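To keep things clear, I will list the structure first and then write my remarks on it.
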Amino acid sequence: MTESPAVTAAVTAAGPVTGTGRTGPQPAPDRRAAAGTGSGRRLLRAAGYLLRRPGLALSILLLLTVLVAAFFPTLLTSDNPLRGEVAERLRGPSADHWFGTDQLGRDLFTRMVHGAALSLQATVLAVAVGLASGAALGLVSGFFGGRTDAVIMRLVDLALAIPALLLALALITALGFGTVNVALAVGATSVAAFARVTRAEVLRVRTAVFVEAAVSCGARRDQVLLRHVLPHAWGPVLVLAALEFGTAVLAVSALSFLGFGAAPPTPEWGSLVSDGRTYLATAWWLTTMPGLTVVATVLAANRVARAFEGEQEKGR
Amino acid sequence: MTRYLVRRFLQALFVLWSAYTVCFAVLYLLPSDPVSLMVSAGSEQSMVDDAQVEALRAQYGLDRPVTVQYVDHLWHALRGDFGVSVQSGRDVTRVFLDVLPATLELAAAAFALALLLGLGLAYWGTYARRSWIRQTLLSIPPFWASLPTFWVGLMLVQLVSFRWGLLPATGNEGTRSLLLPAVTLALPTAAGIAQVFARSLRATETEHYITTAAAKGASPRRVHLRHSARNAALPALTLAGVWAGNLLAGSVVVETVFSRTGVGRTTATAVGTQDIPVVLGLVILSSLLFTVVNLAVDLTYPLLDPRILGSAATHPLKARAR
Amino acid sequence: MTDSPDGALLAVRGLRVSYRSGGTATDVVHGIDLDVRPGQVVALVGESGSGKSTTAHAVIGLLPAGGRIEGGAVRFAGVDLTALPEAGLRGYRGRDIALVPQDPTVSLNPVQRIGAQVAEVLLIHGLASRRTAPAAAVAALAQAGLPDPALRARQYPHELSGGMRQRALIAIAFAAEPRLLIADEPTSALDVTIQRRILDQMEKMIGEHGTAVLLITHDLAVAADRADEIVVMSGGAVVERGPSRQILRDPSHPYTRRLIADAPSLADVADVAAQAVIARSPTVARSVAATWSVAAESVEPTGASAAAAEAGTPPLLVADGLVKDFPLPRTSGGPRSVRAVDDVSFTVGRGETFALVGESGSGKSTTARLALRLLDPTAGRIHLDGVDVTDLRGAALRRLRRRMQVVYQNPYASLDPRFSVAETIEEPLRLFGVGSRATRRARARELLSQVALAEQLLERRPAELSGGQRQRVAIARALSLHPDLVVCDEPLSALDVTVQAQILDLLAGLQTELGLSYLFITHDLAVVRAIADRIGVMRGGKLVEVATPRELFDNPRHEYTRELLAAIPGRRTGFSRGQGGCQAPRRR
């Protein structure tokens, strides 16, 4: 059965645009091997690379901060996210309370920092689930081909036909609420995209002339897969993982906003925005600041992913 | 041509059937079933004894073997009967039909807006004379795509409704109340359209037929509109099904933010109460939408891209990649 | 140098063009002069990267993104086009100066009917009204020699063959009856037989309209056939110019001489060898001398191997009745499969070079893959050294691979970009567990010197090598396991002509040194003449004729072979070998 244009195009768009597959490796005569391989020199070069890209440097800094908040929240704030001072309630942003305080006088910055733990862990889990199962499916599909490939790809087409958010909602209905279930549901929605990209990459590399050359030199299937196919196929898949990070932050916070994440009063980024809705007219910071944090995180993640993608493309 | 139509139609049916099957499997085979979910969800009156649970299960036909349930559900679904909402006891089809018009209105407005914004941004972002205009315009879509929809809605309400008092913040009444939700819903889709269209416009720039056209003495506008845009629109068109689905999915968030009645809000409530028949109904609705839009695209595609029929099995995008 | 632009339709003076990428500008055309008089055909000849295409595009102001005219003048009928604003220049494009682009398969708008694309040029310049344009387009198509022009006008590009599409592009170019035609490698994407018909058609139309032509080509033989005057470009500058005959008979610049010597259809085997000796370091001169002697021997019509076969030594490879069907994607009522190879039998003797020649789609590469056992034949048997290897599987098949190696067409694609040269050459040894790390490295060094590459390249990656160097690495890899048979699948076609000659030379040298047998796949009859003992001509999956080079060139039996021979460019002017190509310069 031939695929319909719409489905195929959907799939094409779902993957990152790596612009490859047309001609395979291109000559790049100007790229010379590094003159010196000392780690000091490499560090200097990395610093220079970042200095020429201040946006990228800022993005990396921001992501690092967010990750520190997620895994070591006490390094950034010593306050308790659940205890507030009623006298201090609904204060706007100030030097004491950077993001202001909520209706119970809890410091919003502290709640954001602690919220990062659940939100980001869910994001990381979601991407990991999508990457691991998607890449495995794509690898099997692309390398073995035939009937296995046909069945897997049919399922992938199907998964791509249902909007990610609806698929996640259906899974949450079946799995129940909570941060881990939200993460699993979001991860499951990205499996199809990962499988697609991995399969496409494996197919691209598998049909490359240098792979046939390896076969004609007497390489076995497993040797071809490990030495020639995998090293060339994993780049775009990792780029997709980087891009998927931003998407997953958005999806996790949307589901949390809808109230399917952790139960109150545990803070999550999405639920913090949702909590602030009641005071939308009077306390703007309660919705604005958490939202801005999500936006900044997603933008930073996408910037890093793009840099990664650019390097990836240069390297082929 | 007839063969093409028949094939596409059969494919559409296949997609619908498999979507139904997979969702049925996920929702009915996972450890939780509608009754136990219902019993645990209504936490206050959860003092239900096992006998009552069994009675309920029998009432919903859940005590039968899974295959029998599947065939039974599929048979009913084929006739437009998706069962009864566990929460309200109302017919699922009825539940959706009641709120569908409001959502369609919202989605149509959002789609028109997204198309206008997306195509316009991409076209001017690619062909504007000054490079800083191009760069600014083209940096907008990725930015839009990074914004959480729920937050954009709230920011719009905060500024436009509360601070400036221009438009109502919530509700379903009239065009004025439609504007903010439509903008909110349109942004991600507009970003998608703009990115795809700009990318394909850029891809046509190095195509040799563009050089041929320029060598005929054609003006830049003629080259852009008749040769570049015409070819670049095709990949964007094939994504219409995805965007229709995304608009429906986006309505879940947007209708919640703006407290509008509609399919999305119904869904959010159904997920909140773990009302499985309603959720299953929505998934079917969305795959129906996707399938119908894709079928429409597939049927109009040969009119726009002559290659699709000429080489029956070759897909235009694949053919181009060769 | 022509000093007087008097009477010149196009006069380019001191044209300089640069490309800008990432903030740095690179000059690609360094101040060239060029004149084309009305009715004259001037050929701009050079290898890829010589700046010839850039010059052509600069003339009509259609440089690709990043390209910029830095200085000089392009005077057309007295008007300096570089000084005109974009809108002014548009009045000339298509109307006075037309372009026939390089690749017909991608140069037509895929979603517009052919007729509309021809009519467009007339509408833009107001030469036809909306009502008269369709008929005018059909007339233009008819004039370009398209059969059924009215039908073609209603068709889309994908429904036409490559040759027909090029005719449609010629129709577009001639529609407004331009005074100057710029033909940018107009036939290099087409098969040789179609190439000739298209060039004949263009020549006819040029004659009828008195159009002046600037012909861009990498092929000196095409230029010799079609142009009144040849301008040779190298490295962005003109190195030589003059009437075609004079350039070919008496080239004054060494670069032109090398081009003539390296163009396989123009030069003699002797010249190839002689030129190679000049360009070569003394260490390899020995093997080249050997080549020379082999080449001289193989001129004898009865190939050495043919004699050997009669003497009772069994041939190394015997392909018997090979058939290969490929399944087709399911279409309405169409055939289920396509027969790529149809009952092909041939033998390759020890130390012999057997060449399979054919146009694209003739099944020659598929035949090579069948022989290598990379594809399974639908029917037929393959014997290596008297043993039937058709059904070998698993470990036995792997052992077979040691004896047959392959050198691919495109050295940019056939080397794993992540592997260093050493890793690439050692891979077959490692796969078969031959020797220790140290002995493998020693073998790699030895192979590298055998293919005349410096040892310092061992740690380089393919991206840091030139095309010729990569092909040498690929050859070294193929030799590492001491194979009996090397299949060369178009090993030259991705390389520039001067590099082609060097690689051809290397292959010949290695054959004598190591006693290799070659199965040589190529589309270029001229190339095989220099290296093959016997030539098989393939068409549509069938082997239509097998003969020694001399028999084939002097007395082709099959009609298709004759057509192929006639299509070799350069034959008209009598510069081709076999018709007393002795006019070409002999350095010895």
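A short reminder: the numbers here are calculations on the coordinates, not readings from a lab. None of these values were measured; they are calculated from a predicted model. All Cβ positions, even for glycine, are placed from backbone atoms using ideal geometry, and neighbour counts span all protein chains on display.
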Taking chain C as the reference, fit the longest principal axis to its C-alpha atoms, fit the long axis of helix C:192-209 to the helix C-alpha atoms, and give the angle between the two in degrees, 0 to 90, nearest 10. 20 degrees
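For the range A:149-243, which trypsin sites (Lys or Arg not before Pro) are in a loop by DSSP, counting at most 15 other Cβ atoms within 10 Å? Spell out each step's value before the answer.
Numbers: sites: A:Arg154, A:Arg196, A:Arg199, A:Arg204, A:Arg206, A:Arg220, A:Arg221, A:Arg227; in loops: A:Arg220.
Sparse-neighbourhood loop trypsin sites (Lys or Arg not before Pro): A:Arg220.
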Using only alpha carbon pairs under 8 Å that are at least six residues apart, calculate the relative contact order of chain C and give it in whole percent. 15 percent
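Against the globular-protein guess of 2.2 N^0.38 Å, express the Cα radius of gyration of the range B:110-247 as a ratio, rounded to two decimals.
Values: Rg = 17.7 Å, N = 138, 2.2 N^0.38 = 14.3 Å.
In units of the globular-protein estimate, the range B:110-247 measures up at 1.24.
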Against the longest alpha carbon principal axis of chain A, how many degrees, from 0 to 90 and to the nearest 10, is the axis of helix A:285-314 turned? 20 degrees
Trypsin sites (Lys or Arg not before Pro) restricted to the range B:59-168 and DSSP loop, no more than 13 other C-beta within 10 Å: B:Arg79, B:Arg90, B:Arg129, B:Arg130
Quick one: if you stick a label point 7 Å off each Cα along the C-beta vector at C:His30 and C:Asp376, how many nm between them? 5.9 nm
What chymotrypsin sites (Phe, Trp or Tyr not before Pro) does the range C:512-561 have in DSSP loop regions with at most 14 other beta carbons within 10 Å? none
Mind checking the dipole of the protein assembly as shown: about its Cα centre, +1 per Lys or Arg Cβ, -1 per Asp or Glu Cβ, Debye to the nearest 20? 1420 debye
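So for chain A, averaging the separation of alpha carbon pairs under 8 Å that are six or more residues apart and normalising by length, what relative contact order in percent results? If you can, show how the numbers build up before the last one.
Numbers: 425 pairs, mean separation 68.7, N = 316.
Value for chain A: 22 percent.
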Based on DSSP, what percent of beta bridges with both residues in the protein assembly as shown are antiparallel, to the nearest 5? 55 percent
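Quick check for me: using +1 on Lys/Arg Cβ and -1 on Asp/Glu Cβ, what's the dipole size of chain A about its Cα centre, in debye to the nearest 20?
Working: 27 positive and 19 negative charges, 240 e Å.
Dipole magnitude for chain A comes out near 1160 debye.
Based on Cβ point charges of +1 for Lys and Arg and -1 for Asp and Glu, what charge dipole magnitude is obtained for the range B:92-272 about its Cα centre, in debye rounded to the nearest 20?
Values: 15 positive and 6 negative charges, 154 e Å.
Using only the charged Cβ atoms, the result is roughly 740 debye.
From Cα pairs below 8 angstrom and at least 6 apart in sequence, can you work out the relative contact order of the range B:243-297, rounded to a whole percent? Display every interim value, and only then the final one.
Details: 38 pairs, mean separation 17.9, N = 55.
Over the range B:243-297, the number comes to 33 percent.
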Given 25 °C and 0.890 mPa s, compute D for the range C:43-187 with the Stokes-Einstein relation, Rh being the Kirkwood radius over Cα pairs; round to the nearest whole µm²/s. 153 µm²/s
What is the angle, in °, between the Cα long axis of helix A:5-14 and the longest principal axis of the Cα atoms in chain A? Nearest 10 is fine, range 0 to 90. 60 degrees
For chain C, whose charge dipole is built from +1 on Lys and Arg Cβ atoms and -1 on Asp and Glu Cβ atoms, the candidate among C:Gly14, C:Val323, C:Gly71 with its Cα farthest towards the positive end is C:Val323
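Taking 29 Å as the cut-off for C-alpha to C-alpha distance, list the pairs among C:Lys52/C:Lys204; C:Lys204/C:Lys542; C:Lys52/C:Lys364 that go past it. Kindly include the intermediate steps, with their values, before the conclusion.
Details: C:Lys52/C:Lys204 25 Å; C:Lys204/C:Lys542 34 Å; C:Lys52/C:Lys364 33 Å.
Checking Cα-Cα distances, C:Lys204/C:Lys542; C:Lys52/C:Lys364 exceed 29 Å.
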